[in-house]
Amino acid sequence: MRLTPLAASLPATVPFVGPETQERTAGRPFVARIGANESVFRPSPRAVAAMADAAAEAWMYGDPEIHDLKAALAAHHGVRPQNLVVGEGIDGLLGLLVRLLVAPGTPVVTSAGAYPTFAFHVAGFGGRLVTVPYRDDAEDPEALLLAARKAGAPLVYLANPDNPTGSWHTGARIAEMIARLPGDAVLCLDEAYADFAPADAIPPVDPRDPRVIRMRTFSKAHGMAGVRVGYAIAHQDLAAAFDRVRNHFGVGRIAQAGALAALADRDWLAGVVRDVARGRAHLVDIATRHGLRTLPSATNFVAIDCGRDGAHARRVLKALTERGIFVRMPSVAPQDRCIRVTVGRPADLDAFAAALPGALAAAE
């Protein structure tokens, strides 16, 4: 086997250890799967029915132009289909974007501890990652801009709302950041959690601006993480460039049908958003009852400050895992003092509440 020098230099790893891996190791399923920011509230029944119907047609490839879904997304966002790219979740789109803009040695700016899959792709294409720290448990647009100018980076990554902290900036702050990007730099604005955010956190969509590409997903509020559908809104020239490198059959027939039906079911989406808001409040209450602080969140998860350092939080995480509760944590200090808990159904959160006291005691 003759790997390229770049591939040979990379570790054989994945950005996340899946809950299935942990269940196989433990020899038992989790009581509550509330760590991967999946929507336990499930997809719209209309989406499930559409996917079931499409399953009978699975012998056919999906439409490589993804025409119907792009047309529906264009109408939904008030843009043209030429401004849209649909791919295998935001993760897949991030890899394509990096492939388009990053060559070996190219500097790329992001926050230390931000979504690790982006950093994974940058490393995979040989880019040089330039990181800035969080400020007050939130991404720091000013620091990202300064780093981009200093490094001459063509690509900057920012999630708003943020994963893993749940924090958010106003749309006005994001628009100001875009206006101040240096040179021909592009901001990758990851809006995976936009459906849960306050209205003023999301800037208006302007696909004429070549300085920003906005990414959305059906994996979170729409509850379709298992079928991998994400999309990007961008200037038509950048959107067209994806056709040079994308897997044209990567979004299958079943996924396209499900996403199209999910997008149309606005009532279901609104109900999920309400359930998540109630669940966030419940998680805050659980944490407060045990003397723990939570970070403000505009997502479907809550970061709970365990009150000490990363070593202590890892002990809490381990103890929760041993008690059948799947949660995760940020990996970079000082945010690694927190655990990140996805909003679940009442039974999931009751299981977390029951396990938390013992986990905290075990961590001492």
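Of the residues making up the range 281-299, those that are closer than 21 Å to Asp350 by Cβ, touching a strand residue (DSSP E or B) at 6+ places or on another chain (Cβ under 6 Å) and either open to solvent by 50 Å² or more (accessible area, probe 1.4 Å) or not in a helix (DSSP H, G or I) (or both) are Val284, Leu292, Thr294. Taking the criterion of being open to solvent by 20 Å² or more (accessible area, probe 1.4 Å), not in a helix (DSSP H, G or I) and not charged (D, E, K, R), the only residue of the range 223-239 that qualifies is His235.
Quick one: in the range 99-121, which of the residues that are open to solvent by less than 20 Å² (accessible area, probe 1.4 Å) and either modelled with pLDDT under 95 or within 16 Å of the chain's Cα centre (by Cα) (or both) is farthest from Phe249 (Cα to Cα)?
The first filter runs over the range 99-121 and keeps only residues open to solvent by less than 20 Å² (accessible area, probe 1.4 Å), leaving 102, 107-111, 114, 117-118.
Now drop any that are not either modelled with pLDDT under 95 or within 16 Å of the chain's Cα centre (by Cα) (or both), which leaves 110-111, 114, 117-118.
Working: Thr110: 30, Ser111: 33, Ala114: 30, Thr117: 22, Phe118: 23 Å.
Of everything passing the filter in the range 99-121, Ser111 is farthest from Phe249 (Cα to Cα).
Flag: Leu356 matches the condition of being over 18 Å from Gly113 (Cα atoms), open to solvent by less than 10 Å² (accessible area, probe 1.4 Å) and of a type outside the set (Lys, Arg). Residue count for the range 246-272 satisfying the condition of being in contact with a Pro (Cβ under 7 Å, 6 or more places away or on another chain), over 17 Å from Met51 (Cβ atoms) and either open to solvent by less than 20 Å² (accessible area, probe 1.4 Å) or among the hydrophobic types (A, V, I, L, M, F, W, C) (or both): 1.
Would you check which residues across the range 240-270 are among the β-branched types (Val, Ile, Thr) and in a helix (DSSP H, G or I) and list them?
Step one: of the range 240-270, the residues among the β-branched types (Val, Ile, Thr) are 245, 251, 254.
Correct list: Ile254 only.
Listed by first and then second residue, the pairs with beta-carbon distance under 6 Å, at least 6 apart or on different chains, first residue in the range 119-132 and in a loop (DSSP other than H, G, I, E, B), second among the hydrophobic types (A, V, I, L, M, F, W, C), are Phe125/Val98; Phe125/Val102; Gly126/Leu6; Gly127/Val102; Gly127/Val108. In the set (1) in contact (Cβ under 8 Å) with a residue 40 or more places away in the chain; (2) in contact with a Pro (Cβ under 9 Å, 6 or more places away or on another chain); (3) open to solvent by 30 Å² or more (accessible area, probe 1.4 Å), the condition left unmet by Asp53 is number (2). Every condition in (1) buried (at least 21 other Cβ atoms within 10 Å of the Cβ); (2) within 28 Å of Ile254 (Cβ to Cβ); (3) not aliphatic (A, V, I, L, M) holds for Pro203 except the one numbered (2).
Taking Ala303 as the residue in question, decide whether it is among the aliphatic types (A, V, I, L, M), modelled with pLDDT of 95 or more and in a helix (DSSP H, G or I). Give the steps one after another, and end with the answer.
Details: among the aliphatic types (A, V, I, L, M): yes; modelled with pLDDT of 95 or more: yes; in a helix (DSSP H, G or I): no.
Against the criterion (among the aliphatic types (A, V, I, L, M), modelled with pLDDT of 95 or more and in a helix (DSSP H, G or I)), Ala303 does not qualify.
Scan the range 62-103 for residues that are touching a Gly at 6+ places or on another chain (Cβ under 9 Å) and either aromatic (Phe, Trp, Tyr) or without any contact (Cβ under 8 Å) to a residue 40 or more places away in the chain (or both) and the total you get is 2.
Residues of the range 180-200 that are within 27 Å of Arg266 (Cα to Cα) and either buried (at least 20 other Cβ atoms within 10 Å of the Cβ) or within 16 Å of the chain's Cα centre (by Cα) (or both): Cys188, Leu189, Asp190, Glu191, Ala192, Tyr193, Ala194, Asp195, Phe196, Ala197.
For every residue, the table says whether it meets (1) within 17 Å of Val327 (Cα to Cα); (2) without any contact (Cβ under 8 Å) to a residue 60 or more places away in the chain.
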{"site": "Gly258", "(1), (2)": "no, no"}
{"site": "Ala262", "(1), (2)": "no, no"}
{"site": "Arg278", "(1), (2)": "no, yes"}
{"site": "Val284", "(1), (2)": "yes, yes"}
{"site": "Thr288", "(1), (2)": "no, yes"}
{"site": "Pro296", "(1), (2)": "no, no"}
{"site": "Phe301", "(1), (2)": "yes, no"}
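Taking every residue in the range 166-185 that is at positive phi and pairing it with any residue that is open to solvent by less than 50 Å² (accessible area, probe 1.4 Å) and in a loop (DSSP other than H, G, I, E, B), at least 6 positions away or on another chain, the pairs with Cβ-Cβ distances below 7 Å are Gly166/Leu295; Gly166/Ser297; Gly166/Ala298; Gly166/Thr299.
The values are calculated or read from the model by the stated rules, or taken from the named source; none is laboratory data. Model, not experiment: these values are computed from the prediction. Cβ sites come from the backbone with ideal geometry, for glycine too, and all protein chains shown count toward neighbours. Quick note on the areas: whole protein, heavy atoms, side chains included, nothing else; ligands and nucleic acids left out. Shrake-Rupley method; radii C 1.70, N 1.55, O 1.52, S 1.80 Å.
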